[in-house]
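Asks: Just passing along the structure, written as structure tokens.
The values are calculated or read from the model by the stated rules, or taken from the named source; none is laboratory data. Bear in mind that the values here come from a model prediction, so they are computed numbers and not experimental data. Cβ sites come from the backbone with ideal geometry, for glycine too, and all protein chains shown count toward neighbours. Please note that ligands, DNA and RNA were not included when accessible areas were found on the heavy atoms of the full protein model with its side chains. Shrake-Rupley method; radii C 1.70, N 1.55, O 1.52, S 1.80 Å.
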Amino acid sequence: MTRTLPPHLLYGGDYNPEQWPESVWADDVRLMREAGVNILCVGIFSWAKLQPSEKRFDFGWLDRVLDLLAANDISVCLATATASPPPWLSKKHPAILPVTSDGIVLQVGSRQQYSPSSAIYRRYAAALVTRIANRYRKHPAVVAWHLNNEYACHLHECHSEASTVAFRQWLRAKYKTLAALNAAWGTAFWSQLYGHWEEIFTPRRAPYHTNPTQCLDFKRFTSDAFLELYKMEAAILRKATPHLPLTTNFMGFFKPLDYRAWAAELDFIAWDSYPDPVDEASARHTGAAGHDLMRSLKPERPFVLMEQATSAVNWRPTNSPKRPGLMRLGSLQTVARGGDGVMFFQWRASKAGAEKFHSGLIQHIPPEQSRVFAEVKALGAELKKLTPVVGSLVRNKVAIVVDWHAWWAVETESKPGRIDYAAWAQSLHGWFYEKNIGVDFVHPDADLTGFNLVVAPALYLLTIKSAANLDSFVARGGTLLATYFTGIVDENEHVVLGGYPALLRKTLGLWVEEWAPYPDGRTNEIKFTRSRQTHACSQWCDLLHLESASAIATYSKDFFAGRPAITKNNHGQGTAYYLGTKLDSAGLDQLLTEISRQADVSAPLAAPAGVEITQRESASGKFIFALNYHDSPVKIPLGKIRGKNLITGDSVSKYLKLAPLDVAVVAVES
Ligand code: GAL
């Protein structure tokens, strides 16, 4: 069943009316209409208000809120309210509280204070969700469900008794026998052999390095434990409202949860994006990379930006505002990269509590005096003009492999050097982003048929199946770029012997004998064989041997000077590149320019640096988005492209002129 959303761009945010006297609500709704708000997430943190004590429920206020919104044509993505259990629950059942790896019990007074594996928490949460689902299943305002909130956001893992027992059950289901577990965990090492399941614990604080496979399995277990919570709520909601779409808000490159495994359970992807506006260039790239990762989880359906800030947040040491125009640019960037919804935390900035200095659509001042609200209204009006793009999709020719299991494995301790997996993937993404070459993020087992170029950064954990997939992608004519520390271990985090990366040795035409990780500040230099150009490199140097590959760059310094640093191998119909080090930006530019040419991937439109260009497509047409991040106007040659700028209504051809910080969305005439 396609559980659809309203057929316009969603615009709105979290609405927490329980923080305000009812007399404010009418004003809220009047201002929402003025701003073009058409959807709200309601009730996310209202468990204590809905169930003030174990036996007492109070839905009256929520009935009145939803009726008011329905009467004003404002849709609701209704929350299940389970993200912050009420204090009475942990007073009665302290065992639901989560525990850190040091054994510290996390207490009430904040939010998310529950162990994901607590059967008691699950029982109370299920009872609440059942009541909410049954009460509002036919409410005309409700168009979707918002399950819990940012699962695992503050609580990345839990070591409570309930979690320990659940971890053991998870291990029993996975390994069946202790012999299999002992083999997978390599417990012959350091006398870790387990003779009973009860001897096994979550990886709590220990004297020295904890068994890495145990740590990896615990990450897998934790992601699954939170997913079970989601599924528990989803089952209740599916039964009550099979026609309504379900979602929860993801957080982009968020390590604790394998969002790929989660994505199948969501009807549409929603996520929360808070790049730091203090550095505008990095904020726009962080936003773009997050959108690309989230969109790629369900490429056949537009995502929704569930939360962003109209201006400053409250949770950084220094919280910069978004200067005029930036909120609009970030919002339209969302649509440009495949989003069908632009939403915020939160409608009205709180008066009390830890988030009172977080911006809202309504600030602490009268809205008519607020430049933020003026921008909110202008954006609402603009988004209405973009209805034609709803449902259109982004199609890319470049994929970057990101796998949560590889991420978890490469960042557990006791490695040759420190690799920040997400940062490395994002920095490679950054080159394509600046060149306006669209990128999807894929799992290494994904169907790679539609892609010309696949980049695998530090894909440390690589299964036989994934290696075969990458190999056949190349053999069939694709271009692969793999980087250092790829293909080192299997799914149990055991080294695959035979010369790293053993499973890709033929594909890449080389083997790595050893590596020289560099501390911060130390550099080497590479020289491209053909152009003789030199560039600094840092962080990591693979010392490799060529088989069928040839060197396209060599190291200039250290005891391995003259040996290959970057290689190219013809394999089947395709080409496999290998990057054994981290290049400076000019070196990376030179390499990726060559590889992109080889793979025949380019931007939809040539534009000056600092102008973001994307494309969305649907059966009814093609839309080109152009976003000017400069404080000066730009002129973009359109070549043969002509069409209508949906924002201004003007016909465009030959050139697209954009004012400072302006955006155009061109519906292309075919
Ligand atoms: C999100 C959260 C919201 C709010 C927001 C503040 O992580 O879902 O409830 O706390 O951050 O930026």
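Asks: Could you do me a favour and compute the accessible area per residue for the chain, 1.4 Å probe, result in Å²?
Replies: Spelled out: the 1.4 Å probe surface of the chain, per residue, equals 39 Å².
Asks: Give me the mean projected area, in nm² to one decimal, of the convex hull enclosing the Cα positions of segment 409-492.
Replies: Its average projected convex-hull area is 5.8 nm².
Asks: Please report the net charge: other residues with Cβ closer than 10 Å to the Cβ of TYR15, K and R +1, D and E -1.
Replies: -2
Asks: Filter the trypsin sites (Lys or Arg not before Pro) in segment 161-215 to those in DSSP coil with at most 16 other Cβ atoms within 10 Å of their Cβ, and list the result.
Replies: Hits after loop and neighbour filter: LYS176, ARG204, ARG205.
Asks: Tell me the mean residue ellipticity at 222 nm calculated for the chain from its helices only (DSSP H runs of n ≥ 4, each -39500 (n - 2.57), averaged over every residue, nearest 500).
Replies: -9500 deg cm²/dmol
Asks: Return a whole-number percent for the relative contact order of segment 611-668, with Cα pairs under 8 Å and 6 or more residues apart as the contact set.
Replies: Averaging sequence separation for qualifying contacts and normalising by length gives 39 percent for segment 611-668.
Asks: Given a 1.4 angstrom probe, I'd like the percentage of the accessible area of segment 611-668 that is carbon and sulfur, rounded to a whole number.
Replies: It is 50 percent, rounded to a whole number.
Asks: Rounded to the nearest 5, what % of DSSP beta bridges with both residues in the chain are antiparallel?
Replies: The antiparallel proportion sits near 55 percent.
Asks: Okay, next question. When only C-alpha pairs under 8 Å and at least 6 residues apart count, what is the relative contact order of the chain, in percent?
Replies: 10 percent
Asks: Loop-only check: which trypsin sites (Lys or Arg not before Pro) in segment 519-584 are DSSP coil with at most 12 other Cβ within 10 angstrom?
Replies: Loop-located and lightly packed - ARG522, ARG530, ARG532.
Asks: While we're on this one: Counting only Cα atoms, I'd like the Rg/Rh figure for segment 398-599, Kirkwood definition for Rh.
Replies: 0.92
Asks: Under 23 Å Cα-Cα from LYS397, which lysines qualify once same-chain neighbours fewer than 8 residues away are excluded?
Replies: In chain and number order, the partners are LYS298, LYS435, LYS465, LYS568, LYS622, LYS640.
Asks: Tell me, rounded to the nearest percent, the portion of alpha carbon pairs in the chain spaced more than 38 Å apart.
Replies: 39 percent
Asks: What's the FRET efficiency of ALA374 with ALA26 using the Cβ-Cβ distance as r and R₀ = 25 Å, to the nearest 0.05?
Replies: The computed FRET efficiency comes out at 0.70.
Asks: How many percent of the accessible area of segment 398-599 is carbon or sulfur, using a 1.4 Å probe?
Replies: 49 percent
Asks: Of all the C-alpha pairs in segment 611-668, what % are more than 17 Å from each other?
Replies: Of all Cα-Cα pairs in segment 611-668, 31 percent lie more than 17 Å apart.
Asks: Can you give me the relative contact order of segment 253-402 as a percent, contacts being Cα pairs under 8 Å and 6 or more apart?
Replies: 21 percent
Asks: In nm, to one decimal, how far is the LYS298 label point from the ARG137 one, both placed 7 Å along Cα→Cβ?
Replies: Here the modelled spin labels are 2.2 nm apart.
Asks: Then there is this: Determine the share of segment 182-332's accessible area contributed by carbon and sulfur atoms, expressed in whole percent, with a 1.4 angstrom probe.
Replies: Carbon plus sulfur share of accessible area: 59 percent.
Asks: LYS92 versus THR534, label points 7 Å from Cα toward the beta carbon: distance in nm?
Replies: Calculated label separation equals 7.3 nm.
Asks: In the structure displayed, which of LYS138/LYS351; LYS49/LYS219; LYS351/LYS377 lie more than 26 Å apart, Cα to Cα?
Replies: LYS138/LYS351; LYS49/LYS219
Asks: Return the loop-located GluC sites (Glu not before Pro) in segment 220-313 (DSSP other than H, G, I, E, B) with at most 15 other Cβ atoms within 10 Å of their own Cβ; answer none if there are none.
Replies: GLU265, GLU300
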